[in-house]
Amino acid sequence: MTIAHHPSEETLVDYVAGALDEGNSLVIATHVARCSECQETVRDLRIIAGAVLETCAAEAISTGSRAASRARLDTTDAGTGQFPYASPVASLVSAPTEPLSLYDHGRWRRIGPGVQRCDIRVMEDDGTRVFLLKASAGTRLPEHRHKGTEWTCVLTGAFTHEHGHFGPGDFDEADASVHHNPVVDSDGECVCLVALNGQIELSGWLGRLVQRFVRF
């Protein structure tokens, strides 16, 4: 499996530092669990962060805050991205990664032709909705843009949009500047883990009509 699309180094720094909300952290951890390149980057960042903590003056960081900082760095393992919350998501996808398999979930529900959504329950949402998105082979998702951010990690299958082709393990990031129209590959369904902050705005008169009945 060749992974072509990765989070930025800035995003990985925030991930290691515990600066992301839980939903976005889960998407990054799922990508890291599949990507040897990002595993190496995360390991290096954790080493750097540990060295910084060790060299800080004792008066600048109390024993308690030092321990808390180390606990935050150790919340996820750089190699597996493990999260400490138990749940049965693994049964929903054919190739689950360890971080996702530890989370609880709702039921699959149809949100459009050939498209289903299954909500993932996170302990702290911070306005971010986390869900699995499953689309049938050849499905063309409505053209849309975002009023917030959308982070996606492909679990199985693949899709293409204006910014490239995304297969298993790939990370896709969209914000208000992105206007796209994903199309699932014709050789099989695609399942993605998505962390969505803000609303999706469908394009065109048909999209606006559909949006009256479909909410992401």
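The values are calculated or read from the model by the stated rules, or taken from the named source; none is laboratory data. The shown structure was predicted, so the numbers you read here are calculated from the model rather than taken from an experiment. Note that each Cβ is placed from the backbone with ideal geometry, even for glycine, and that neighbours are counted across all protein chains shown. These area figures cover heavy atoms from the full protein model, side chains too; ligands, DNA and RNA do not enter into them. Shrake-Rupley method; radii C 1.70, N 1.55, O 1.52, S 1.80 Å.
Hey, can you tell me all the residues within the stretch 95-137 that are among the aromatic types (Phe, Trp, Tyr), assigned to a strand (DSSP E or B) and modelled with pLDDT under 90?
Scanning the stretch 95-137 gives no hits.
Would you check if Pro142 is modelled with pLDDT of 85 or more and over 20 Å from Asp21 (Cα atoms)? In short, no. Looking only at residues of the stretch 139-148 that are in a strand (DSSP E or B) and open to solvent by less than 50 Å² (accessible area, probe 1.4 Å), we find that the one that is farthest from Gly114 (Cα to Cα) is His146.
In the stretch 111-133, the residues that are on the phi > 0 side of the Ramachandran plot form Cβ pairs under 7 Å with partners that are of a type outside the set (A, V, I, L, M) and in a strand (DSSP E or B), at six or more places apart or across chains, as follows: Gly127/Asn197.
Whether any residue in the stretch 24-42 is open to solvent by 50 Å² or more (accessible area, probe 1.4 Å) and at pLDDT below 90 is what I want to check.
Filtering the stretch 24-42 down to residues open to solvent by 50 Å² or more (accessible area, probe 1.4 Å) leaves 36-37, 40.
Checking the rest, the ones that are also at pLDDT below 90 come to none.
Within the stretch 24-42 (the criterion being open to solvent by 50 Å² or more (accessible area, probe 1.4 Å) and at pLDDT below 90), the answer is no, since none of the residues qualifies.
Glu10 meets each of the listed conditions (1) at pLDDT 90 or above; (2) of a type in the set (Asp, Glu); (3) not in a helix (DSSP H, G or I) apart from (3).
Sub-8 Å Cβ pairs linking a first residue in the stretch 25-54 that is free of Cβ contacts under 8 Å to residues at least 24 places away in the same chain to a second residue that is outside any helix (DSSP H, G or I), at least 6 apart or interchain, are Leu53/Ile61, ordered by first then second residue.
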